[in-house]
C-alpha cells in the first residue's frame, strides 16, 4: 500500500552515513538517487524510505505526531536497531520495552529530529 516515504535532512552526507548503516541492519541498501534525494530499500518493488534535502531549500522540520516505524523482526532485533541508531548519533525517545501486550518498541530521533520507531508486534 505504501510505495515510499521521505525524511527531510539538512546534511545529505551525514544522513547517508546514518541511514546506510542503520538500514543495513534490515538488509536495505541505497537503491538509487540524485544529489538531493536517496532511496533505501530491499527492492524498488517493495516499500522504500527516501532521505532528501527539501526541494524548496527551507530547513527540514519534523512534525509533531509524525514517525516512521521499522520492523525489528523480534525483540533482539528491536534492541539491535535501537542501539545502532544511538551509536550513530540518534537521541533517545524511549528505550525498547513493552508498550502494549502485543507490542515491543524503542524510539529515537535521528540527527535532524525525525522520530523513528523499531518494533515487534505479535497479535
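Every number here is computed from the coordinates shown, using simple stated rules; none is lab data. Quick caveat, the model's predicted, so the values are computed rather than measured. With ideal geometry, Cβ positions are generated from the backbone for all residues, glycine too; neighbour counts draw on all protein chains shown.
Determine the gain in length on full extension of the stretch residue 31-residue 62; use 0.36 nm per residue of separation and subtract their C-alpha separation, reporting nm with one decimal. If you can, show how the numbers build up before the last one.
On the way: separation 31, 0.36 × 31 = 11.16 nm, distance 2.41 nm.
Using 0.36 nm per residue and subtracting the Cα-Cα distance, I get 8.8 nm.
For segment 1-106, just run the numbers: alpha carbon Rg, then divide by 2.2 N^0.38 Å, N being how many residues it has.
1.10
In what sequence do 25, 120, 87 fall when counting other Cβ within 10 Å, fewest first?
87, 25, 120
Give me the percent of DSSP beta bridges within segment 41-123 that run antiparallel, rounded to the nearest 5.
Working: 13 of 17 bridges.
Of the beta bridges lying entirely in segment 41-123, close to 75 percent run antiparallel.
Per DSSP H run of n ≥ 4, the term is -39500 (n - 2.57); total these for the chain, divide by its residue number, and report the mean residue ellipticity at 222 nm rounded to 500 deg cm²/dmol.
Counting only the DSSP helices, I get -6500 deg cm²/dmol.
From the Cα gyration tensor of segment 17-72, with a ≥ b ≥ c the square roots of its eigenvalues, which class applies: rounded if a/c is under 1.5, or else prolate if a/b is larger than b/c, or else oblate?
Oblate is the answer for segment 17-72, as a/c is 1.5 or above yet b/c matches or exceeds a/b.
If you build a Gaussian network model of the chain, linking Cα atoms that sit under 10 Å apart, which residue out of 75, 36, 109 swings the most?
Top of the fluctuation ranking is 36.
Taking other Cβ within 10 Å of each residue's Cβ, how do 121, 1 sort, fewest first?
1, 121
For the chain, find the longest principal axis of its Cα atoms and tell me its angle to the long axis of helix 12-24, 0 to 90°, nearest 10.
30 degrees
Please report the spacing between the Cα centers of segment 67-90 and segment 40-65 in Å, no decimals.
What the calculation gives is 18 Å, centre to centre.
Roughly how many nanometres apart are two label points built 7 Å out from the Cα toward the Cβ at residue 44 and residue 76?
Between residue 44 and residue 76, the simple spin-label model gives 3.6 nm.
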